[in-house]
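Everything below concerns the one structure shown next.
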Amino acid sequence: PEVTPQVVNTSITIASSESDTVITDVVQNIEPAVVTVVGTIPGSQTFFGKTADSQVSGSGFIVSQDGYIITNNHVIEDAISLYVILSDGTELDADLISRDIYADLAVLKVDGTMPAVAPLGDSEDLKPGETVIAIGSPLGTFRNSVTVGVVSATGRTLDTGEGYNMENLIQTDAAINSGNSGGPLVNLAGEVIGVNTLVLRGSSSGSASAEGLGFAIPSDTVELLSQQIIEKGYFARPYLGVGIHNVTTSLARRYHLACEWGGDFTAVAAGMTAADAV
């Protein structure tokens, strides 16, 4: 006998109005905690043979009612004075508590009544495909702009070109532009799960272009670092005192190494812990 195949309807209907409502609610709650960070860089401009100070700007967000603010290190690096602009336009002088160049994070402090506090979520459980919201001040002019995207991947590693890598980054296609640095990447639960830090536009050789390659520092890293800075005024990092070259599969095959991944010690700095052990 002939068997008539049954068609199973596996489609899922999602009301766009419900999704839009969740996003707008999250933005409404988080946006008051997002700030624009403005710094003054001495003698960085030249006019008619004379040097003049210039201003740089980025984003940040309030993490406590005491006025602690998280942003990127590269936003405030070399600045001799800082202030932040709250979502309502209020300007407050800011002090740099401490910073960590390797995580590209900095903690600022302002005095006054804080309009809101952005809660830090758990980035460990992030999955590719999750909807995320980026809030920041692109170009320093369009304050508290909102873009929406997804988590493209987790655990990304990028070479900074400064002799160290940034590790465990969140990749997202939410639009991140100049000035968004230091702003929050937020999940639909209204929690900050990352700090937007950079975007790639193309390959290092310039032979290819790309869009939608944004990266954020995971909130677990942010919480660990910021808590210690707020409590102690600094973040302690262990220092071994060696130069390490990453071992790749191709490198291992070329030099007939016993393993295909890991690190190869290339130098030992004098007077450091590693030198004492040699």
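Since every read-out is calculated from the coordinates, none of them should be taken as a lab result. For clarity, every value in this text was computed on a predicted model and none was experimentally measured. Here the Cβ positions follow ideal geometry from the backbone for every residue, glycine too, while neighbour counts run over all protein chains shown.
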Euclidean distance between Cα centres, the range 180-197 to the range 105-150, Å: 4 Å
Those residues of the range 150-179 whose amide nitrogen sits under 13 Å from the label point placed on Ile41, 7 Å along Cα→Cβ: 179
What does the charge count near Arg143 come to, summing +1 for each Lys or Arg and -1 for each Asp or Glu among other residues with Cβ under 15 Å from its Cβ? -3
Distance in nm between label sites at Ser54 and Gln228, each 7 Å beyond Cα in the beta-carbon direction? 3.4 nm
Starting from the 7 Å offset along Cα-to-Cβ, what nm value, one decimal, do you get for the label separation of Ala153 and Thr141? 3.4 nm
If you add up the charges near Leu82, with Lys and Arg at +1 and Asp and Glu at -1, over every other residue whose beta carbon is less than 12 angstrom from its beta carbon, what do you get? -3
Pseudo-spin-label distance Thr21 to Asp125, built 7 Å along Cα→Cβ, given in nm, is 2.3 nm
Compute the Cα gyration tensor for the range 116-235, then decide on rounded, prolate or oblate, letting a ≥ b ≥ c be the square roots of its eigenvalues: rounded whenever a/c is under 1.5, prolate when a/b is larger than b/c in the other cases, and oblate in all that remain. rounded
What ranking, highest mean first, results for peptides 163-176, 86-99 when packing means the other Cβ atoms within 10 Å averaged over each residue? 163-176, 86-99
Near Leu169, within a Cβ-to-Cβ distance under 13 Å, what is the net charge of the other residues, with Lys and Arg +1 and Asp and Glu -1? -3
